[in-house]
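The values are calculated or read from the model by the stated rules, or taken from the named source; none is laboratory data. A quick note: this is a predicted structure, and the numbers were derived from the prediction, not measured. Note that each Cβ is placed from the backbone with ideal geometry, even for glycine, and that neighbours are counted across all protein chains shown.
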Amino acid sequence: MKTLVSGIQPTGKLTLGNYLGAIKQFVALQNTLEEGDEFFVFIADLHAITIPQIPTELRNAVKSLAAVYLACGLNPEKITLFIQSEVTEHAELGYLMQTISYIGELERMTQYKDKMQKQTQGVSSALLTYPVLMAGDILLYNANFVPVGEDQKQHLELTRNLAERFNSRYSETFNVPNPLITKTGAKIMSLQDPTKKMSKSDPLEKSCIYLLDDEATIKRKIASAVTDSDGVISYDPVNKPGIANLLTILSATTLVPIDELVNKYKDANYSTFKADVAEAIVNELKPIQARYNELLKTQELDNVLNQGREKASYFARKTLTKVKRKMGILRK
Ligand code: ATP
Ligand code: LTN
């Protein structure tokens, strides 16, 4: 029996990077679950507010993300889908884990350093403690595996350290979770600067394919993706990061291995190759977009989220009670 946990922040419009690096992998994983396994997938709204958000936009983004998850093929009969803030134990365990986290180790997190620099107003203390909340998310369900993109590896390492620290300071309580990182699609890069990851908070729209982009937009963005001038399609992320990124995208979308693609396109020019990449993305996203638009019109979404909240709360409450008892903060 195994437990998997993962979350995505409802900030900005989801990109192809989020889809190929995270959601598509969730869908594949749900189909490998066996009797007794649990897979908790949640919308990390408490993480989103570590950066200032506009409340009405956040509320819409939460709903939209829930619809995207289902539209991409997550099946509520197999996984538990819920909103992080609706299971209040997340905030509570996040706080308790802060008592065993060190400021120094949090200040070393690269995501914190990056996001802190981008802040124009004050940096919230929650941005610093973000990875501790994330550790709480994972440990609350005693996860064995955490499917995430490569950029989250450092946070997972911290989660492992905190689990071990808690176990040795109090007594054996938490599993030490393992990251589950896909090889292809683990890191999709920006279309305009292929040395940077494709990120939904990138202000340059051309850098990203958004999951809800229409066909013409996708074609235009891929056609204008930055490449190089040597005209050869080969996989070389250091010297040819643009082409390598398009190969990664095509491979992660079609599930054809990169070396087969390189072979297939060895005599092709960049524009033919780009047209095929765009077409593959359109074919992948079109049915998702249709289902998304349908879901937003019905009650189904709320039903799934209510059911998810109840199930997640049951597991979360059990762990939290155990943790509090070990820490000496329960009356009995
Ligand atoms: P932000 O720009 O706000 O940091 P993001 O686009 O990085 O957002 P997150 O909400 O931080 O998205 O990440 C959601 C999930 O998508 C994580 O598992 C993350 O690893 C994965 N992910 C995000 N961007 C990429 C990418 N470019 N390639 C592969 N996976 C990605
Ligand atoms: N920090 C993650 C989102 C996240 C998460 C989690 C992922 C919050 N809590 C727990 C896995 C497990 C990110 O993708 N930026």
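Miscellaneous remarks
- Only one of Gly94, Gly149 that is in contact with a Lys or Arg (Cβ under 8 Å, 6 or more places away or on another chain) and within 11 Å of ligand 2 (Cβ to nearest atom): Gly149
- Tally of residues being exposed (fewer than 13 other Cβ atoms within 10 Å of the Cβ) and small (Gly, Ala, Ser) across the stretch 202-225: 2
- Hits in the stretch 153-199 - residues which are hydrophobic (A, V, I, L, M, F, W, C) and buried (at least 18 other Cβ atoms within 10 Å of the Cβ): Leu156, Leu158, Leu162, Ala163, Phe166, Phe174, Ile181, Ala186, Ile188, Met189, Leu191, Met198
- Verdict on Asp228 being without any contact (Cβ under 8 Å) to a residue 40 or more places away in the chain, surrounded by 13 or more Cβ atoms within 10 Å (Cβ to Cβ) and under 15 Å from Thr15 (Cβ atoms): no
- Residues that are charged (D, E, K, R) and not in a helix (DSSP H, G or I) were ranked within the stretch 137-185; the one that is nearest to Leu250 (Cα to Cα) is Lys183.
- Of all residues in the stretch 108-134, exactly one satisfies the criterion of being of a type in the set (Gly, Ala, Ser), in contact (Cβ under 8 Å) with a residue 40 or more places away in the chain and in a helix (DSSP H, G or I), namely Ala126.
- Residue check, Lys13 surrounded by fewer than 23 Cβ atoms within 10 Å (Cβ to Cβ), more than 13 Å from ligand 2 (Cβ to nearest atom) and under 26 Å from Ser207 (Cα atoms): yes
- Residue in the stretch 243-254 that is more than 16 Å from ligand 1 (Cβ to nearest atom), in contact (Cβ under 8 Å) with a residue 24 or more places away in the chain and of a type outside the set (A, V, I, L, M) present: yes
- Among the residues of this structure, Asp202 does not count as one that is more than 21 Å from Ala22 (Cα to Cα), assigned to a loop (DSSP other than H, G, I, E, B) and modelled with pLDDT under 95.
- Subset of the stretch 130-152 [surrounded by fewer than 21 Cβ atoms within 10 Å (Cβ to Cβ) and under 16 Å from Thr321 (Cα atoms)]: Asn142
- Of all the residues in the stretch 1-45, those that are in a loop (DSSP other than H, G, I, E, B), of a type outside the set (A, V, I, L, M), over 11 Å from the mean Cα position of the chain (by Cα) and more than 7 Å from ligand 1 (Cβ to nearest atom) number 8.
- Complete set of residues in the stretch 58-85 that are among the hydrophobic types (A, V, I, L, M, F, W, C), away from ligand 2 (no atom under 12 Å from the Cβ) and within 23 Å of Glu284 (Cβ to Cβ): Ala61, Ala66, Ala67, Val68, Leu70, Ala71, Cys72, Leu74, Ile79, Leu81
- Taken over the stretch 24-57, the criterion of being more than 19 Å from Gln307 (Cα to Cα), crowded, with 20+ Cβ neighbours inside 10 Å and more than 11 Å from ligand 2 (Cβ to nearest atom) is satisfied by Lys24, Gln25, Leu29.
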